[in-house]
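Data block below; observations after.
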Amino acid sequence: MNSESDHHVTDARLDEVGARPVLVETPAGRLALVRRGTGEDARVVAVDAWCPHIDGPLWEGAVSGDEIACPWHGWRYSLSSGACTWAPHGDAEEAAETEIRVLEVIEGVGGRAVVVVPQGRG
C-alpha cells in the first residue's frame, strides 16, 4: 500500500470473473468486478455495485464491450470512464450528471482480485 492509493484484497479470483459481474465486499463498499473487452484486450475493473439512478444491482447487469447496463431500467455506463452513455427516455441532462466509479483491479497472491482505490475515492 502506498500513500496515493489503498489496495483491497477481495475473496474473488480474477479467473472467476467471466461474462457476468461478480459482487464483492471491500472496505470501499460493495463493488462489482467486471471483465471488459475480449481476448488479449480483456481486463477486470471494479465498479459501483449499485446503479446511481435508483440503486439497481449493477452486478446483475449485462456487460457488452465497454459498457454495463443496469438490469432495472437499462441505464448504461462506460467501463472506462464511468460516464452514463445511455438513459431511457432520452434524459440527456440527467445522464450527463450521472456516473459510476471505475477502479483498477490487479492480480494478487493466489490470483485474488485486488481493487486499487485512489485516496479520496473510497
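The test for being within 18 Å of residue 79 (Cα to Cα), at pLDDT 90 or above and in contact with a Phe, Trp or Tyr (Cβ under 8 Å, 6 or more places away or on another chain) holds for residue 47.
Applying a threshold of 7 Å to beta carbon distances and a minimum spacing of six or more residues, or different chains, the list of pairs starting in the range 60-73 at a residue that is closer than 13 Å to residue 46 by Cα and ending at one that is among the aromatic types (Phe, Trp, Tyr) reads 67/77; 68/77. Report whether or not residue 34 is touching a strand residue (DSSP E or B) at 6+ places or on another chain (Cβ under 6 Å) and without any contact (Cβ under 8 Å) to a residue 60 or more places away in the chain. Judged against the criteria, residue 34 is a match.
Tell me whether the range 28-51 contains one or more residues that are farther than 17 Å from residue 80 by Cα and of a type in the set (S, T, N, Q). No: zero hits. Restricting 73, 89 to those that are surrounded by fewer than 21 Cβ atoms within 10 Å (Cβ to Cβ) and modelled with pLDDT of 90 or more reduces the list to 73. Considering the range 81-105, the residues that are in contact (Cβ under 8 Å) with a residue 24 or more places away in the chain and β-branched (Val, Ile, Thr) include one that is nearest to residue 22 (Cα to Cα), namely 105. Do the conditions hold for residue 37, that is, is it among the small types (Gly, Ala, Ser) and surrounded by fewer than 19 Cβ atoms within 10 Å (Cβ to Cβ)? Yes, satisfied.
Are any residues in the range 57-70 under 19 Å from residue 24 (Cβ atoms) and either buried (at least 19 other Cβ atoms within 10 Å of the Cβ) or in contact with a helix residue (DSSP H, G or I) (Cβ under 9 Å, 6 or more places away or on another chain) (or both), and if so, which ones? Passing the criteria: 58, 59, 61, 63, 68, 70. Would you call residue 6 at pLDDT below 95, charged (D, E, K, R) and out of contact with any Asp or Glu (no Cβ under 8 Å at 6 or more places or on another chain)? The answer is yes for residue 6.
Residue count for the range 1-29, restricted to those that are in a strand (DSSP E or B) and within 15 Å of residue 61 (Cα to Cα): 3.
Taking the options 21, 27, name whichever one is in contact (Cβ under 8 Å) with a residue 24 or more places away in the chain and touching a His at 6+ places or on another chain (Cβ under 9 Å).
Result of the check over 21, 27: 27.
Give the number of residues within the range 34-54 that are in contact with a helix residue (DSSP H, G or I) (Cβ under 8 Å, 6 or more places away or on another chain) and within 18 Å of residue 114 (Cβ to Cβ). Adding up the residues that qualify gives 4.
The values are calculated or read from the model by the stated rules, or taken from the named source; none is laboratory data. This is a predicted model, so every value here is computed, not measured. Note that we place each Cβ from the backbone using ideal geometry, even for glycine, and neighbour counts take in every protein chain shown.
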